[in-house]
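Data first, discussion second: the structure below is written as structure tokens.
The values are calculated or read from the model by the stated rules, or taken from the named source; none is laboratory data. Keep in mind that this is a model prediction, so the values were computed, not measured. Cβ placement follows ideal geometry from the backbone for every residue including glycine, while neighbour counts extend to all protein chains displayed.
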Amino acid sequence: MTSRKAIWQYHCGIKPSRIDSNWGASKGFKILSFHGPRDYPILIQTRNTELDTLPGNACGTDFICMRASLWSATILANRAKVNRMANNKRIVIVGGGFGGLFTALDLAGSAEVTLISDEDHFLFTPMLYEYLSGEVEAWHIAPNQKELLDESVNFIQGEVTAIDLAARTVFLKTRNQSIPYDVLVLGAGGVSNFAGVEGAAEHSIPFRKIADADRLRTRMVDALDHIPPDLPPQDTQRALTFAVVGAGASGVELATKMADLLRDAFKRRALRGEPRVLVIEMGDRVVPGMGDEIREIVEKAMLTLHVEVHTLTRVIRVAENSLTIEHDGRQTEIATAAVAWTGGVRVSPLIESLQIEKDRRGLLLVKPTLQLDAYENVFALGDIAHFTDASPTLAGTAQLALQQAGLLAKNIKAFLDG
């Protein structure tokens with residue numbers, strides 16, 4: 001039988017014309033509705049289904065697929081009846097992202113599971129760009145954690161400020177009590193890395209959360225609202241200059257999305273000239289982690305949308321309404337309506353505070369089982385964990401976190417079974 005993760009990926013290719021309620025019932029699915037910009041069906045799995053009986057082909061990720069997989073996982077979790085009298089081991093999971101949430105879903109019913117997250121919702125980050133553009137709404141990509149978890153998992157919204165590994169205790173900022181554990185899962189994720197750039201933390205906008213997208217969209221709309229239709233083109237462009245720091249996958253996707261949105265707004269508002277979107281990259285190429293074929297496609301898309309790419313360029317300073325860059329030893333200050341920061345991540349202060357073995361980037365060193373070497377009851381996954389034998393280094397993506405969650409849950413069950 002296929003896993004729910006395989007079902008999630010597989011259903012990305014199912015077209016409405018190829019699926020109806022009769023097909024859903026016959027294959028073990030209930031169709032909730034046809035919804036969203038592409039009209040993919042929202043499904044709930046009602047029984048296990050062989051993968052080769054499903055139509056369509058896998059074709060990337062989609063928010064409808066996310067909700068189908070999460071509802072499916074919740075239903076499967078509901079089938080596992082909690083028996084704390086038989087197993088009263090306490091599993092605490094820190095972090096409600098892909099790794100943390102799916103680990104909790106996989107472990108539901110196997111022990112007393114507690115998921116702690118500083119947000120009340122799960123965020124499907126690959127669709128944050130579509131949320132920025134208004135193609136999807138918040139509930140599409142950021143369902144409440146309690147919608148996805150049943151009574152077999154205890155959810156706590158709060159910020160973990162400290163962990164005593166020796167005492168097996170987690171401490172929360174918003175609560176006076178501590179939370180003991182028998183097994184700890186660290187999936188706290190990373191935070192934006194401003195690399196010590198002056199003013200970056202104060203004046204740039206990261207792009208990691210719903211609130212970040214809201215801030216960026218508000219800045220874009222406010223800037224547009226201040227432009228009269230008869231303003232000269234050069235003045236319009238100066239007032240509508242936006243910069244994206246970092247030319248990785250996140251940076252180029254955000255830049256092209258912003259350029260597309262702004263150009264569409266220009267047409268609707270009958271503004272003169274065109275907006276200016278810049279991508280600032282310290283390296284010598286865009287999407288450095290990808291191959292030449294993909295890079296060529298990315299560069300063509302940016303060229304089509306008139307996105308300016310500045311490689312071998314360093315950000316010196318970010319101010320409230322400007323950005324100072326340096327290229328070839330020469331500094332230039334550029335007036336900006338907003339600066340979006342996608343220039344990398346670093347481990348969270350919580351992980352930094354742990355006195356355990358890490359690599360040069362501060363990532364936790366884990367064994368093939370995703371356990372810490374010094375604490376066999378502590379596991380780590382996602383973009384805070386590093387397995388030294390993995391070559392090339394595994395990228396901290398949602399796909400990796402999903403795969404690790406399944407492995408980690410199996411290993412924890414084996415660990416608890418002795």
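Of the strands (runs of 3 or more DSSP E) lying entirely inside the range 89-203, the ones with 1 or more residues being of a type in the set (Asp, Glu) are found at 112-117, 160-164. The residues listed here are VAL309, VAL287, VAL298; of these, the one that is on the phi > 0 side of the Ramachandran plot and either of a type in the set (Lys, Arg) or within 25 Å of the chain's Cα centre (by Cα) (or both) is VAL287.
Note on the range 359-368: residues that are surrounded by 16 or more Cβ atoms within 10 Å (Cβ to Cβ) and in a loop (DSSP other than H, G, I, E, B) total 1. For the range 220-243, indicate whether the set of residues that are in contact (Cβ under 8 Å) with a residue 24 or more places away in the chain, closer than 24 Å to ASN193 by Cβ and out of contact with any strand residue (DSSP E or B) (no Cβ under 8 Å at 6 or more places or on another chain) is non-empty. The answer is no; no qualifying residue exists. Selection of the range 283-304 for residues being in contact (Cβ under 8 Å) with a residue 12 or more places away in the chain and surrounded by fewer than 18 Cβ atoms within 10 Å (Cβ to Cβ) yields GLY283, ASP284, ARG285, PRO288, GLY289, MET290, GLU299, ALA301.
Check whether at least one residue in the range 241-259 is among the aliphatic types (A, V, I, L, M), more than 16 Å from VAL309 (Cα to Cα) and in a helix (DSSP H, G or I), and report yes or no. Within the range 241-259, none of the residues are among the aliphatic types (A, V, I, L, M), more than 16 Å from VAL309 (Cα to Cα) and in a helix (DSSP H, G or I). Can we say ILE351 is over 27 Å from the mean Cα position of the chain (by Cα) and of a type in the set (A, V, I, L, M)? Answer is no for this residue. Of the residues making up the range 193-212, those that are surrounded by 15 or more Cβ atoms within 10 Å (Cβ to Cβ), small (Gly, Ala, Ser) and closer than 22 Å to GLU352 by Cβ are ALA200, SER204.
Taking the criterion of being of a type in the set (Gly, Ala, Ser), at pLDDT below 90 and outside any loop (DSSP other than H, G, I, E, B), the residues of the range 384-414 that qualify are ALA398, ALA401.
Exactly one residue out of LEU271, LEU278 is buried (at least 16 other Cβ atoms within 10 Å of the Cβ), touching a helix residue (DSSP H, G or I) at 6+ places or on another chain (Cβ under 9 Å) and closer than 23 Å to ASP230 by Cα, and it is LEU271. Of the residues making up the range 152-196, those that are closer than 13 Å to ASP118 by Cβ and not aliphatic (A, V, I, L, M) are PHE155, GLN157, GLY158, GLU159, THR161, LYS173, THR174, ARG175, GLY187, GLY189.
Against the criterion of being of a type in the set (S, T, N, Q) and either within 24 Å of the chain's Cα centre (by Cα) or farther than 25 Å from SER133 by Cα (or both), THR256 qualifies.
So that you can scan it fast, the table gives a plain yes or no per residue for (1) touching a helix residue (DSSP H, G or I) at 6+ places or on another chain (Cβ under 7 Å); (2) within 20 Å of THR397 (Cα to Cα):
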{"position": "GLY283", "(1), (2)": "no, no"}
{"position": "MET302", "(1), (2)": "yes, no"}
{"position": "VAL309", "(1), (2)": "yes, no"}
{"position": "ILE325", "(1), (2)": "no, no"}
{"position": "ARG330", "(1), (2)": "no, no"}
{"position": "ARG346", "(1), (2)": "no, yes"}
{"position": "GLY362", "(1), (2)": "yes, yes"}
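Residue-wise test of (1) under 28 Å from VAL287 (Cβ atoms); (2) surrounded by 14 or more Cβ atoms within 10 Å (Cβ to Cβ).
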{"position": "ASP328", "(1), (2)": "yes, no"}
{"position": "GLN331", "(1), (2)": "yes, no"}
{"position": "VAL347", "(1), (2)": "yes, yes"}
{"position": "GLU357", "(1), (2)": "no, no"}
{"position": "LEU372", "(1), (2)": "no, yes"}
{"position": "VAL378", "(1), (2)": "no, yes"}
{"position": "GLY382", "(1), (2)": "yes, yes"}
{"position": "THR388", "(1), (2)": "yes, no"}
{"position": "ASN411", "(1), (2)": "no, yes"}
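Confirm whether ALA142 is of a type in the set (A, V, I, L, M) and surrounded by fewer than 20 Cβ atoms within 10 Å (Cβ to Cβ). Answer is no for this residue. Taking the range 279-349 as the region of interest, the strands (runs of 3 or more DSSP E) fully inside it that hold 2 or more residues being in contact with a Phe, Trp or Tyr (Cβ under 6 Å, 6 or more places away or on another chain) are 338-341.
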